[in-house]
Every structure is written in C-alpha cells, then in structure tokens.
Amino acid sequence: MASSDQRPKGIFQALATITGFGALAGVMVTAMISPALAVTSVGANSAIGVFDALPEFIELGEQAQKNTLWATASSDPSEGYVPFAEVYWQDREEIRLSEMSPHLAHAAVAGEDRRFYDHTGVDVNSVVRAALGNVFSGGIESGASTLSMQLVKNTYIQRSQYLPTEEERQEAYATAIETSFERKLNEMKLAIGLEKAYTKDQILEAYLNITGFGGNTYGVQAAAQKYFGKKAKDLNPAEAASLLAIVQYPTTRNLEDPDNFPANQERRDIILAAMYAEDYLTEAEYQTAINTPVDANFVNLSPPTAGCLAANTYARFFCDYVIKNVDNFESLGATPQERNERWRKGGLDVYTTLNMSLQTIAQDRIWELVPNDEERFQLGSASTSVEVGTGRVLTMAQNKIFDDSEDGGGITTTAVNFNTDRDYGGSSGFQVGSTYKIFALIAWLQRGYGLNEVVDASRMELEQANFLDTCGDGGGPWAGIWEFRNSADLIIPAATVFESTVRSINSSYAAIAEQLDQCEIRAAAESLLVHRADNGILQTNPSAVLGTNEIAPLTMAGSFAGIANAGVVCEPIVVDRFVTAEGATIEGQKSTCRQGITPDVAAATAAPMRSVITGGTGSRSNPRGDVPVIGKTGTTDSQVQTWMVGSSTEVATAVWVGNILGDYRLSNYRNGTSLRHDIWRVVMQDANEQYGGDSFPSPPDRLLRGSGIELPDITGMLIDEAALLVESLGLKLEVTAGVEAGRVSLFEPVAGTYLARGMTVRVTTGGSGPGGESLGNIIVPNLVGLSVAQANATLDALNMTGARSYTCGEGSISTDPGSGTVLSQSMGAGTQAWDYVALQMQVACGVIPASADEPVEVD
C-alpha cells in the first residue's frame, strides 16, 4: 500500500494489480445479486466466477488540467509574452485536500459514505442492507456505493468524454451509469484495488476533484467559485454541504437554477444532520448552518474564471478560434482524435501568434467607431491581420463582445466570430463587394492581357447569356439582362484596366468579366485560397465579379497577403509552439504556403492596388509613412456591406463594416461608408511601425501593354472602310451618330488609345457648335479627388465655360458643396466634349483632400 504522504500525480496514478478477494468476494456477490439468482437459477459459485473474471485494475491517470494561452507583447518576441486565457476541456482546477475546507471532506463522508474510514473499498454492511432492498424490488434499487466505488464510476464517466464522436461518448457514458449487476461488481472489485494502492485521504482528494457539480463544472474548486464566488478552502459548513448535495442529482440540485433551491436545501440539511451526528460540527455550527436558507442571498453565482468567456476581453474571439483549431494541431497527435485527447489532458502553455499590442489597437479602434449597442439595425464590424509569408494570425477584433453562455449577454455580445468561416466561429461570411474584382484582374492578367488596355465602360446592362462559364457548378447557364450601376451613377465611355481598378468602375469590370470565362475568375480566387465562409462553391454568375460571394475577413486578408508575397499564399495558423508542464517544447503549426499566382502576375496586380491607396477609392485608408501598401475597397449594393482589404509586404489586414443581418444603408449612418477606412488606416499605421515593409516590384512591360490594339485614326474614312479596318484589328465598330456624307466625323475612344480586343469603337456626334463655329475637341479632365476650388481652376484652365453644379454626396460632414472633395463627375475623364458642356459633380462636403491626387472613397 502507498505510504500515507504519497500523492498521485495529477489526481490519480495507475493503480496496482489487485489479487484475490477470498471470502469477502463471495459474501458481496451473493448478497448483491441474490435477487437475480432467485430469478435466473444461477448458482453462487458461478456468480463468484463472474466476479473473479472482472478486471483487477483501472488506469485512471491524471485529470484534465488547464491550458494557458499566451500572446506576444509585440512583434518582437524579446519583449516577452502575456497570458490572455486559461482554457479547460472541463471547468476544473485540481487542488490538494489541504487546500480544501475540511467541511468538504466531512460533508462527503457524512453524506455519502459514513464508514469510509472503516471499510476497504466496499461497505459490507451497506451491501447487505442494499441486498435486502433488492430482494423486494427484484432488481438493483440500491447499490451501496462507497466513495471509492463512486470514484471508479466517475472515472469511467470521464473516460467516456474523451472518445472522438458524440455517438461513442453517449454509448460509453450510458455504460458507465447503467444499472446492472456487472457494472456494480466491476466497481466493487476496482474499489478494493483502489484502497490497496492509496490512502483514504488520497482517495477522498481524488473524489472531490473529479465529481461533477452540474453542467461542465467538475471538482470542488470550480464549483465553489461558480456557486459561491470563493475558493474551496473558504467554504463554510452550509456551503460545503450544499455542494455535496448536488452530486447525486446534479441536474435538479445544482445552484444555477433557483427552481433547484428547495431540492438542494432538503438534501443539504440531511448532510448537515449527518455531519453533526458524526461530530464534525458543533451545536453552534450546526444551528447556524441549518438555519441558513438556500436562496438568492446564499448563492453567489460568479462568472467563470477559465475558458474564453473569462479570457482577456480583447482576445476572447481569438481564444475561441484557437480552441476550434485543435483538430489542426498536427504536432499534438497523428489524428484529430489524438490531438483532442492531448488538448483535453491539458497542462500546456500555448504560445499563439496573437500580437497583443496590435490587437489592442485594432480592438480599441473598432470599439471607438462601431458601437455594439446600435438598436436601429444590426451593425457589425470585424478586423483581422495576418503576417505575410507565414499565415500567422496577428489580430482578430470585432465590435461585439464574445459571450457563448447559454443565456448570452444581450445586444452588445455574440458567440459568432465575424472574422472566420462557419466551421470556426459560426459566421457565414459577408458579400465582399468590389474587393472581389481583384480576382477578375488576376484572371485578366493570366490571359496575357494588360493593365493599360482600354475596356468599354459605357454599358450599364448586359445580356447574361454572353458570359462564358465552363465550371458547370456555379449556378449557370445564365440568361436575361443584368443591370448594374457605377458608384454615384458615374458615366464613362471607356477606361484602362488600371484606372478601372483604381476607381473601382463596375461597368468596366462587367466588360472585363464578359471577355473572360467566369470559371477563370473563380480559379484565380481559389488559387489564393479564397472560399465561401459557408463551405459552399464560389458562385460564378456574372454579377459575382462585383462581389456577391459571402467570404470571411480572414480569408480575404490571407489572399491579399499572397498578392503582396509575390503570389505565395499561406494557410492561416495560430500556434507557434506548445510547452508541456514538464518544460518540453512541442512545435506549433508549420506554415503551409504555396505559389498561387506567378510573381509577374502578383506584381501587375499590386500596381493599380497601390494607386487605390495613393489616389483612388481607398485614399482615406492611406496610412502614409515610409511603408508602401496596396489595397482594394468593396461596397455592396445599397451600401449594405463595406470592406477595405490591403497589405504591406509584411502584414495584410481586412476590415469589414456592415449589416450582420438585414439591409440597412450605411450611407444613412453617420460616416457609415468611411468607418472601414478609419479602422484600416489606424491598424496599418501601427502594423507598419512594428513590422516595416519593402517596396512592391514593378509590373513587367508585357502585362502593362498586354495583347491590346492601338486604335488608328479613322477620321474621314467611309463607314464601311472604318468598319473593315477596326474589325480586322479584333475590335468592333458601332455607329450611333456623327456621320457626314457617309464618313466618320468623330469617334471615341480617341486615336492612339490602347484597346482591349473585343472593345467597341463608337462613331459619335461631330460637327460644329450651336452657332456653327468650330470649337475643337476638349478632353475632359479627371476632377475626382480635387477640392471644389481645384476642380474649378482645372476647368477654367481648359476654357471650359459650361454650367457646373456641385451637390453633397457620400461621406459629407457639412452641407456646403462649395467646400469639399469631388467624388464623381457626370462625364468621365478622357471623354471628348465641347468646351461648353455642362458638368455635374458630387462632393464629399466638408472633407478637404490632403493633396489633389488623393480623393476619398467613391467605390
């Protein structure tokens, strides 16, 4: 037998093999199963044989311990790590018997096993008494379970919960608690072996640490904290007895539900009386305890001290994401089952990829700008950053506070992680808007087309049947007219692919998609690990190019990191290493990266994305400084969802602000469409300061020029001649007006423009001004991003005398259109016009640009 000062490692150690039982075995077996013998005519000798055939030992092992999650203090590991969560497979903290109130041990013995210190695992007196009851019932109504036998039973219950599937867990649990002679005999034999190996105090300590107290709460330390808000060593007699009152019927006697208070008090008072009868309590102690009602004043329900709900408020969603990734921690086991078993065993220091300083910046910024208690609509926001070249997840923030409790925490909380896929946080993602255009751009470049090729931007409706889709599983074939519009109802006849990206022109990208196979666009997205958050197939309908697929921010951040990494994309990872309780290091998740797109295509893709930040729709996100960044904005129909996704060569960040559910227009919310920029900018300013970044490579000339055609001058040519020439170049000619004597008078785009194959050349109105005077051709300048004063000066310099009107549009912070930044213009830059043409401009009133080439978002 172990010495009295021996303490099993954890709670338990493997138990020694048990030898014979002699006469006691016969007495116990005969007494317990004699009712069954009378029914089945099985002899006593046979029953003893059954007993002898049962296993003689049980390997209990140590119980589950906590895992501690750590984050880096900053990007520099030398600055140390900070703990942010302690997580358990079960809410349990194992402690020594000396760290428990003595009233707990007394309540357990008095209430569950009064002869605990006298028997050797099986209480023969209780067995005989139980047998008499069983004779009258014809079955096992009473099992005479000692604390040692209950410990054996609880160990089997614990084992059942380690099994990999819910079906296996339920089956093993049912076997562990079933009312049967075989189970009872098994418990008896193992209990006797238990008493041979350990002292009474060791068994009692193990019992108090393993017993369930309702829900996921196990052990007296966790139960004391949950129900009374104190440590187990500080419990008084009434509290200790009330906890032990739970163990027989945890569902109906736990103290979480006030409806259980009467049943708990009834059992508690029985235990108190037994404690008094056993001289564990004085008269005064007994009277004080028995006169303490079990009510709301007695119970002090406390929030958990472990688990993601009790984690650092800034890191709760990341904590939950780590736990949901256990299946992917290959270094913890060869199979998901082995990995989960090792995780449940616990005792690990888990050094994660979370950068707590950057996380704090991101989370504070979201909480500052996007309230979590908005009642008019379900306003949500999320931001996540990943390390380029490794896939390490650096931040994971959102406006709602994590709460996965059964009752939830009200409007300010959620258990859904907006940053992740459904399998890793319950979200089905959000439509990504124009950020998805980047994948059409990649497909365009992979075809050998160029950034400087001009595409048709004039059409606002297209026949869907003209869109090729060879995937076959994206929902097609498509038919009917697809209608769309540009932001601020921009009208522009044509634009280069580069400009179309910088200004996020929907009509241009619809034309780009029309010239591609929609399956190519999907393949480009998938090459950068893009997938739907609901695990569905990426849609390939024509409008998908404008971002109708629902995707998680973490996925978008990872894909843009791939573009910034010369086309090499990495799976997201969250653990750098594990350290066991013994100090051994286990490697964390290895970076899993692959070449998604070629370096040349990545460089060409990044080129207009750089200009998105410096002078396009994402200029409000510009973090400035010495670190270059690329990016793309996204806004869905009716401004329901808004995005900003971008990257330096070191860190990629995705920010989403929009409707969790519903279709409230963010333009109707103060600064609603600008919030994503104001979050992204601040996050990337700090990321750039911590991680730095290099310049992006220049695109190769072949992907600037592409395979387009330089449009010749067709002025004065006969229409048939012009059509023959244009069509021989792979272009189309459309005559709408402007024909004099059967010859071309004026056409667009202008001669010398580099056109994409398939582009339409339009013969338009020519001739003279209203008085017959020849005014010549004016090329309308780009006014977007200029202040109103700068726009007027630009038009004046070109002697453009037509009427000009300015109206307040998206992002305005005042009602004065005379002071602000031009968002859009009625006639696109580069359009041929007469100098008396009237122009209408939308202005972000009150928003003054930092410089003339840095307009605000108009996506």
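Structure note, pairs 324/632; 590/632; 184/324: Cα-Cα distances above 32 angstrom occur for 184/324. Listed by chain and number, the lysines whose alpha-carbon sits under 16 Å from that of residue 230, ignoring those within fewer than 8 places in the same chain, form an empty set. Shown here are the Rg and Dmax of the Cα trace of the stretch 525-658, at 16.9, 58 Å. Evaluated at q = 0.12, 0.13, 0.22 Å⁻¹, a Debye calculation over the C-alpha positions of the stretch 317-439 (equal weights, vacuum) places log10 I(q)/I(0) at -0.55, -0.64, -1.40.
In sequence order, the stretch 446-453 has phi-based couplings of 5, 6, x, 6, x, 6, 8, 5 Hz under the Karplus curve 6.51 cos²θ - 1.76 cosθ + 1.60, θ = phi - 60°, and Gly or Pro positions carry x.
For the stretch 360-397, GluC sites (Glu not before Pro) meeting the loop criterion (DSSP other than H, G, I, E, B) and having at most 10 other Cβ atoms within 10 Å: 375. Scaling against 2.2 N^0.38 Å puts the C-alpha radius of gyration of the stretch 159-287 at 1.20. Take residue 845: with every protein chain present and a 1.4 Å probe, its accessible area is about 0 Å². Applying the Karplus relation 6.51 cos²θ - 1.76 cosθ + 1.60 with θ = phi - 60° to the stretch 331-347 yields 3J(HN,Hα) values of 6, 8, x, 6, 10, x, 4, 5, 5, 5, 5, 5, 4, 5, 4, x, x Hz, where x marks Gly and Pro.
Normalised size of the stretch 685-755, defined as Cα radius of gyration per 2.2 N^0.38 Å with N residues, equals 1.88. Sorting the segments 625-634, 452-461, 482-491 by their residues' average number of neighbouring beta-carbon atoms within 10 angstrom, most packed first, yields 625-634, 452-461, 482-491. Put simply, the amide H of residue 820, placed in the peptide plane, has neighbours under 5 Å in 788, 789, 846, leaving out anything fewer than 5 places away on its chain. As a rough guide to protection, the peptides 697-708, 294-305, 212-223, 548-559 ranked by mean Cβ packing within 10 Å, highest first, stand as 548-559, 212-223, 697-708, 294-305.
What is the percent carbon and sulfur in the accessible area of the stretch 226-270, measuring with a 1.4 Å probe over the protein chains and ignoring ligands? Ligands and nucleic acids excluded, carbon and sulfur reach 47 percent. Once backbone amide H atoms are built at 1.01 Å from N, residue 471 has 519 as its partners under 5 Å, excluding neighbours fewer than 5 places away on the same chain. What percentage of the solvent-accessible surface of the stretch 680-747, computed with a 1.4 Å probe over protein heavy atoms, is contributed by carbon and sulfur atoms? Ligands and nucleic acids excluded, carbon and sulfur reach 49 percent. With all protein chains in place and a 1.4 Å probe, the accessible surface of the stretch 535-667 carries 47 percent carbon and sulfur. Computed from backbone phi with θ = phi - 60° and the Karplus coefficients 6.51, -1.76 and 1.60, the 3J(HN,Hα) list for the stretch 827-832 is 10, x, 4, x, 6, 6 Hz; x is used for glycine and proline.
Once backbone amide H atoms are built at 1.01 Å from N, residue 198 has 2 as its partners under 5 Å, excluding neighbours fewer than 5 places away on the same chain.
Each listed q (0.09, 0.13 Å⁻¹) maps to a log10 I(q)/I(0) for the stretch 387-518 from the Debye sum over equal C-alpha point scatterers, namely -0.43, -0.77.
Value of Rg to Rh for the stretch 605-752, rounded to two decimals, is 1.19; Kirkwood radius and Rg both from alpha-carbon coordinates.
The values are calculated or read from the model by the stated rules, or taken from the named source; none is laboratory data. Being a predicted model, the structure only gives us computed values, none of them experimental. For neighbour counting, all protein chains shown are included, and Cβ atoms are generated from backbone atoms with ideal geometry for every residue, glycine included. Side chains are part of the model used for accessible areas, which takes the heavy atoms of the whole protein and leaves out ligands, DNA and RNA. Shrake-Rupley method; radii C 1.70, N 1.55, O 1.52, S 1.80 Å.
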